[in-house]
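What follows is a set of notes on a single structure, which appears directly below.
The values are calculated or read from the model by the stated rules, or taken from the named source; none is laboratory data. As the structure is a computational prediction, the values presented were derived from the model and not from experiment. Positions of Cβ are generated from backbone atoms using ideal geometry, with glycine treated the same way; all protein chains shown enter the neighbour counts. The protein model used for the area step is the full one, side chains on, heavy atoms only, and it has no ligands, DNA or RNA in it. Shrake-Rupley method; radii C 1.70, N 1.55, O 1.52, S 1.80 Å.
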Amino acid sequence: MGFKIRKHKSDLFPKKVHRSELRLFFGKLYFQWKRTLIWLKERKSFARTIMDPTSIKEEYPISIFIHQSPIYRKLKDVPMYLQENKKVNLEITLQKIDGILLEPNQVFSFWYLVGKPTKRKGYLPGMQLKNGGFIERTGGGLCQMANLIYWMTLHTPLTVKERWRHSFDIFPDSNRTLPFGSGATLSYNYIDLQIQNTTKQPFVLHIWIEDGNLCGEWRSDRDIPYLYSVYESYHAFHAEPWGGYTRRNTIRRKVILKSSKELIEDQLVTENTAWMMYEPLLESNPSK
């Protein structure tokens, strides 16, 4: 994968916004209450039925897409006990969403199902990204599950109703196998991952941990007629006018008819921009 350094000449570049802790506190409180009211208003549309794990494969025999990601990663200045805690947090969380049945027109909401991660529920301090760095926060590390579910959903006909991206690129790539910006961030309860079933068939989300990996798949009772190929069409580092770099990329998705391998559509998935908290690796002949 090649990277380019580009001078950004447009006036439409992102600017860093610094807000006071008091403003951030009341802003977060406002959005949390707003989300709660939306939940009350739209509660009938949210998926709540959990399948018995032993019957998932029997009743929904078709695996639409399956993926896994390693739980333990060596990251600079991040103690390994936070990764051990993350595993505990993931184990608690998957009990709330493993086997969730998503019927036609229903919406999967991560936080609606999981609820607030608290010490009382057994959640431990884990790594959470904040303002270009990381902090220890109860329930930290759950973004890995959101990343997994989001990536799998891009390979299905399900519709991503709500997804948020990270505003900062904290660490250099470490054995990255997926495109940059192909994940989803979380913050209870107003920064959510929501997926809507706009098809005419049911889907079941199966999540488990095996051999140090977080594993997941979307299953259904019948096959789908399409294949989905998610790829990166653009990726570059931009030198910003006031100093520092942003990392930008574009992710697209090809919809391919299984029977004939015909390309049906090439869709824009997302355009990502993140402030870099480390120096990019400059190429010998950077693009001007």
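Worth a mention:
- Applying the criterion of at least 2 residues that are modelled with pLDDT of 95 or more to the strands (runs of 3 or more DSSP E) found wholly in the range 103-214 leaves 107-109, 159-162, 194-196, 203-210.
- Neighbours by Cβ (under 7 Å, 6+ apart or cross-chain): first from the range 113-128, touching a residue at least 40 places away in the same chain (Cβ under 8 Å); second among the β-branched types (Val, Ile, Thr) and in a helix (DSSP H, G or I): Leu113/Ile97
- Within this structure, Trp242 fails the test of being among the aromatic types (Phe, Trp, Tyr), modelled with pLDDT of 95 or more, at negative phi and open to solvent by 50 Å² or more (accessible area, probe 1.4 Å).
- Every listed requirement among (1) without any contact (Cβ under 8 Å) to a residue 12 or more places away in the chain; (2) under 29 Å from Gln201 (Cα atoms); (3) open to solvent by less than 60 Å² (accessible area, probe 1.4 Å) is met by Leu263 save one, (3).
- Arg48 fulfils the conditions (1) within 26 Å of Asp211 (Cβ to Cβ); (2) open to solvent by 70 Å² or more (accessible area, probe 1.4 Å); (3) in a loop (DSSP other than H, G, I, E, B) except for a single criterion, (1).
- Some residue of the range 189-204 being free of Cβ contacts under 8 Å to residues at least 40 places away in the same chain and either under 30 Å from Ile38 (Cβ atoms) or open to solvent by 60 Å² or more (accessible area, probe 1.4 Å) (or both): yes
- Filter result for Tyr81 (surrounded by 12 or more Cβ atoms within 10 Å (Cβ to Cβ), modelled with pLDDT of 95 or more and not acidic (Asp, Glu)): no
- Lone unmet requirement of (1) at pLDDT below 90; (2) surrounded by fewer than 14 Cβ atoms within 10 Å (Cβ to Cβ); (3) more than 20 Å from the chain's Cα centre (by Cα) for Pro61: (1)
- Residue pairs whose Cβ atoms lie under 7 Å apart, sitting 6 or more positions apart in sequence or on different chains, and linking a residue in the range 39-55 that is closer than 19 Å to Lys161 by Cα to a partner that is open to solvent by less than 70 Å² (accessible area, probe 1.4 Å) and assigned to a helix (DSSP H, G or I), are Trp39/Tyr112; Phe46/Tyr112.
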